[in-house]
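I have a structure here, written as structure tokens, and I will follow up with some questions on it.
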Amino acid sequence: MIRSVLAGALALPLCASAQFTVYNSGNSDLIGDFISGLAQDTNGVWVATAEGLYHFDGLTWNSWTTGNSDLPAQIVTDLAVDNTGTLWCWNYDQGCSRFDGSSFEQFTMADGLGDNLGSNIMLLNNTMYAGTYGGLSQFGSSWSNLDMSNSDLPNNDVRDCDIDEDGGLWVPTFGGGISYFDGATWTTYTTGNSELPDDEVFVARVRPDGHVWIGTRNGLVDYSTAGFTVYTTDNSILSDNDIRNIELGNDGEVVICTRFGGVYAIGNDGQWTSYSTENTNLPSDETWESLVDDAGNLWIATSLGLATFPGWSTSTAVAEEVAFADARVHLNNGRLQVSNPAGPVHVRLCDDLGRTIWNSPAPVASMQQDVSVLATGVYHVALMDPNGQRVWKVMVE
């Protein structure tokens, strides 16, 4: 029997039997499995990999590589989307680039970057920052750079940056601890003058309550006016002290990615949750970055694929008018029936992994298609035109 189970807008495919939906080179258009960075735009998620750049809208994958575009480097390590919707990429050892949807504009040391080598790019208070091996670079009309020669930055190898409500910068360095710059004075915290557990610091995130969460090579730190609270394998459920990324959920949750110990989340109630290959279907415990999108979906970049947990956090999406409000989609007796009184739309049928099963050859206002060969499972029918998209989930039993 075939029946419709939902007639509504879906941001992403759901997975009924597993905690995570996993995308890799075996079940999607990804060429490789090493995922290094994530960023959200209004149409889906950008995915940085060791084999190029991808965009996934919940149904379709698009890719840009050095072979099919002017992407400066095949290895993309980090991503950010600015307020105009423009994508920025860090391109391993080729600096960074700005992508307008058709071409990449590359920036290097010749343009003012601290170094062509780096790992992170961040949008903070409408300004783009880049963590490079030669300092912290900032983009206005051009690039400028803070390093040991023109500031009290303790180390030129900058791995990340975040900004607090006062406009102060928290700057993690690889080997020099973490520094705070209030616009006039630098204050540096190291293992020698504080309870910081390691001077190799990868990430800092300022929570709305003012706490600064810091990821080091040898432990997780919650810094506040009360001082340093350090979490390690000795006093928490962490199974790995090497903290590589920290992000915040829509409800203030702290999401921690570790080098070899999977992912951890700390809720507003202080309760910890672990996600690893031992207790979930996470594809790898080697995790590099997380993202909680506006719909509340959790995305995890791992060395063996991309994992998403639909509806993990509170949605921050603003309700909008439903696209194709009068459209109807049915799967009955092996036939897909679509009608849209408002006019012709493109129709796409995908499986639950986002792979296209059938496309309408042209936009249609109404149609019927024989799909009696479909195997038992969940499928998605998308109606699309240049002004919007709506997706129905249907089930074949």
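Over the heavy atoms of residue 93, what accessible area does a 1.4 Å probe trace out, to the nearest 10 Å²?
Around 60 Å² of this residue is reachable by solvent.
Here's something else I'd like to know. Mind giving me the nanometre distance, one decimal, between the label points for residue 367 and residue 70, set 7 Å out from Cα along Cα→Cβ?
So the label points at residue 367 and residue 70 sit 3.6 nm apart.
Only residues of segment 67-93 count here: report those whose backbone N is under 12 Å from the spot 7 Å along Cα→Cβ of residue 105, or say none.
86-88
Related question: Give a residue-ordered list of calculated ³J(HN,Hα) values for segment 324-333 (Karplus: 6.51 cos²θ - 1.76 cosθ + 1.60, θ = phi - 60°; whole Hz; x for Gly, Pro).
6, 4, 9, 6, 9, 10, 9, 10, 9, 6
Now for a different question. Got a sec? What order do 151, 137 fall in by accessible area at 1.4 Å, biggest, i.e. largest, first?
Numbers: 151 25, 137 0 Å².
Highest to lowest solvent-accessible surface, that is 151, 137.
Could you work out how much longer the chain between residue 228 and residue 277 gets when fully extended? Use 0.36 nm per residue separation minus the Cα distance between them, nm to one decimal. Present the calculation step by step, with values, prior to reporting the outcome.
Details: separation 49, 0.36 × 49 = 17.64 nm, distance 3.04 nm.
Taking residue 228 through residue 277 to full extension adds about 14.6 nm, to one decimal.
Given a Förster radius of 51 Å and the C-beta distance between residue 193 and residue 268 as r, what FRET efficiency does 1/(1 + (r/R0)^6) yield to the nearest 0.05?
Numbers: r = 31 Å, r/R0 = 0.61.
Calculated transfer efficiency: 0.95.
Next up: Would you rank 132, 86, 316 by solvent-accessible area, highest first, keeping every protein chain in place and using a 1.4 Å probe?
Correct descending sequence by accessible area is 316, 86, 132.
Next question. Under the 0.36 nm per residue contour assumption, what length would be gained going from the current alpha-carbon distance of residue 359 and residue 124 to full extension?
On the way: separation 235, 0.36 × 235 = 84.60 nm, distance 4.04 nm.
Length gained, residue 359 through residue 124: 80.6 nm.
Modelled label-to-label distance, residue 260 and residue 316, 7 Å Cα→beta-carbon offset: nm?
The modelled label-to-label distance comes out at 3.4 nm.
For a paramagnetic label modelled at 7 Å from the Cα of residue 117 toward its Cβ, which residues of segment 192-220 fall within the zone defined by backbone nitrogen distances under 20 Å?
Under cut-off, by backbone N: 199-203, 217.
Okay, next question. When the chain is fully extended, how far beyond the present Cα-Cα distance does residue 335 get from residue 251, taking 0.36 nm per residue of separation?
Details: separation 84, 0.36 × 84 = 30.24 nm, distance 4.24 nm.
Gain on stretching residue 335 to residue 251: 26.0 nm.
Okay, next question. Mind checking which of 96, 156, 171 is farthest towards the positive end of segment 90-173's charge dipole, using Cβ charges of +1 (Lys, Arg) and -1 (Asp, Glu) about the Cα centre?
The one lying farthest along the dipole's positive direction is 96.
While we're on this one: Applying 1/(1 + (r/R0)^6) with R0 = 56 Å to the Cβ-Cβ distance of residue 236 and residue 141, what FRET efficiency is obtained, to the nearest 0.05?
Working: r = 45 Å, r/R0 = 0.80.
E(calc), rounded to 0.05, equals 0.80.
Quick one: if the Förster radius is 35 Å, what FRET efficiency do residue 93 and residue 43 give, using the C-beta to C-beta distance and rounding to 0.05?
Working: r = 29 Å, r/R0 = 0.84.
Once rounded, the FRET efficiency stands at 0.75.
Out of (i) 1.06; (ii) 0.92; (iii) 1.27, which label holds the value of Cα Rg over 2.2 N^0.38 Å that was computed here?
(i)
To the nearest Å, what is the center-to-center distance of segment 204-246 and segment 44-79, using C-alpha atoms only?
Distance between centres, Cα-based: 31 Å.
Given the options 331, 140, 59, identify the residue whose Cα lies farthest towards the positive end of the charge dipole of the chain (+1 on Cβ of Lys, Arg; -1 on Cβ of Asp, Glu).
Positive-most Cα among the choices belongs to 331.
The values are calculated or read from the model by the stated rules, or taken from the named source; none is laboratory data. Worth saying up front: this structure is predicted, and the values here are computed from it rather than measured. Positions of Cβ are generated from backbone atoms using ideal geometry, with glycine treated the same way; all protein chains shown enter the neighbour counts. Note: accessible area is taken over every heavy atom of the protein model, side chains too, but ligands, DNA and RNA are not part of it. Shrake-Rupley method; radii C 1.70, N 1.55, O 1.52, S 1.80 Å.
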